[in-house]
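The values are calculated or read from the model by the stated rules, or taken from the named source; none is laboratory data. Since the model is a prediction, treat every value here as computed from it, not as a measurement. Please note: Cβ atoms are built from the backbone with ideal geometry, for glycine as well, and neighbour counts cover all protein chains shown. Ligands, DNA and RNA are excluded from the accessible area calculation, which covers all protein heavy atoms including side chains. Shrake-Rupley method; radii C 1.70, N 1.55, O 1.52, S 1.80 Å.
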Amino acid sequence: MQVKYIDQIPLKGKKVVARFDFNVPLSKDGKNTITDASRIDLSLPTIQYMLEQGVTSLVLMSHLGRPDGKVNKKYSLEPVAAYLAEKLNQDVILAEGAVDTGIKPYLKTQKAKIILLENLRFSPGEEDNDPEFAKKLAEYADIYVNDAFGVSHRKHASVHAITHYFKNHTYGGFLIKREVEALNKVLNSPKKPMIAIIGGAKVSDKIKTIQKLLVTVDHMLIGGAMAYPFLKATGVEVGKSLCSDEDVQLAKTLLAQDRGNKIQLPVDHVASEALDGSAKVIESKNIPEKYIGLDIGPQTIKNYGTLIMKSATILWNGPMGYFENPKFAEGTMSMAKSISNSKAFSVVGGGDSVSAVQKSGLADKFSHVSTGGGASLEYIEKGDLPGIQALRQGVDLT
Ligand code: AMP
């Protein structure tokens, strides 16, 4: 069974409850100003479409931060309600809680169509996937929409258990549709040659994703702190670089599985004696004892750039170095530049690589920039997510 999307059904006169990912960063000055509204902006096409189609009422749901099942005003969705009201040019009422006895009568009598439920994670039922909590959310509407790709890897009440109460009336929004189509294209029918660029901190976080991709890709370019356990596993000295014994063992397993010699490792580095120290190019694979490897070196950038230019499909997850410090950002930024110059179908996923791409100003040159870090990794690994499976076939809570 396929996911049905909101443009495949008549919405006129329908009461809708819809899950979005409005988990936006807020300023820490006590004013709770939204510092980056991209996640809300990406949800607007789905909301606007539903309104244009003539839904009777729209109950919007989201979490924000990690309030751990307790009410905490610091994580209130109040600024989100204000932002939405401004963008949609109509009232958006913020309900006091996700479960609020005033909501149902209000939906029947008032003209205001849009209600935003207060942070779902103020209630422990959300993260516990509690059927009773989900049932109460479901009572607000006759159809359910999920457009929160970034949380669809979680079995939480508003993405999972809730679908039980809608039977065949569960639909995907436009953002989920874009995410699934882009990732499916890369995973199921990639144009060859295909490369994966994998960076970030730990092999253990991404081992299953790497194993899955090794089957499909022609080359896998490894960078970031992730590279050092691989190098160490091949007998190279890595100095004081981030490199746990567990990751070295995992890297050994992956190298043994890589019969096609697809894994490419850095041949040089940018290193330093401290995270805030000065940068030094190390023109060999081996890193001297007192140095920490913090970025891929110029020759590696060249080698990887050549492979990028020859590829037809590119999947990128994880930065090539400690890119938060500009002295060690060249590797990551160069990958973004090379990909943006290539004609390949390119998908970038994962929180840190996405923020690097946004920093580079080249995001619009990528075919798809995924909104979900953990969600996109899990989708690559399993080809599905609990929240998306639930949209297709519901969940049986008996
Ligand atoms: P991940 O969440 O696994 O994609 O890891 C991203 C984090 O890894 C970012 O904060 C990077 O700064 C960090 N990182 C990448 N390469 C290195 C490195 N060589 N040394 C230390 N941290 C790194």
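Scanning region 251-261 for residues that are open to solvent by less than 40 Å² (accessible area, probe 1.4 Å) and either in a loop (DSSP other than H, G, I, E, B) or within 15 Å of the ligand (Cβ to nearest atom) (or both) yields Ala251, Asp258. Please state which one of Ser370, Ser360, Ser355 is hydroxyl-bearing (Ser, Thr, Tyr), crowded, with 24+ Cβ neighbours inside 10 Å and modelled with pLDDT under 95. None of the other options fit; the residue is Ser370. Count of region 214-240 residues, restricted to those that are in contact (Cβ under 8 Å) with a residue 60 or more places away in the chain and within 15 Å of the ligand (Cβ to nearest atom), is 7. Hey, does region 102-115 have a residue that's surrounded by 18 or more Cβ atoms within 10 Å (Cβ to Cβ), of a type outside the set (A, V, I, L, M, F, W, C) and outside any strand (DSSP E or B)? Yes: one or more hits.
The residues listed here are Asp205, Asp247; of these, the one that is modelled with pLDDT under 95 and acidic (Asp, Glu) is Asp205. One residue stands out in region 174-204 among those that are more than 19 Å from Ile339 (Cβ to Cβ) and open to solvent by less than 20 Å² (accessible area, probe 1.4 Å): the one that is nearest to the ligand (Cβ to nearest atom), namely Val203.
Scanning region 150-173 for residues that are in a helix (DSSP H, G or I) and either touching a strand residue (DSSP E or B) at 6+ places or on another chain (Cβ under 9 Å) or more than 19 Å from Glu378 (Cα to Cα) (or both), we see that the one that is most open to solvent (accessible area, probe 1.4 Å) is Tyr165. Entry remark, region 27-51: residues being open to solvent by less than 30 Å² (accessible area, probe 1.4 Å), touching a strand residue (DSSP E or B) at 6+ places or on another chain (Cβ under 9 Å) and not in a helix (DSSP H, G or I) number 1 in total.
With respect to Ser334, is the statement that it is open to solvent by less than 60 Å² (accessible area, probe 1.4 Å), of a type in the set (Ser, Thr, Tyr) and more than 9 Å from the ligand (Cβ to nearest atom) true? Here the answer is yes, as Ser334 does meet what is asked. May I ask you to verify whether Asp128 is in the same structural domain as Val17 (by TED's automatic domain parsing), open to solvent by 70 Å² or more (accessible area, probe 1.4 Å), of a type in the set (Asp, Glu) and under 25 Å from the mean Cα position of the chain (by Cα)? In short, yes.
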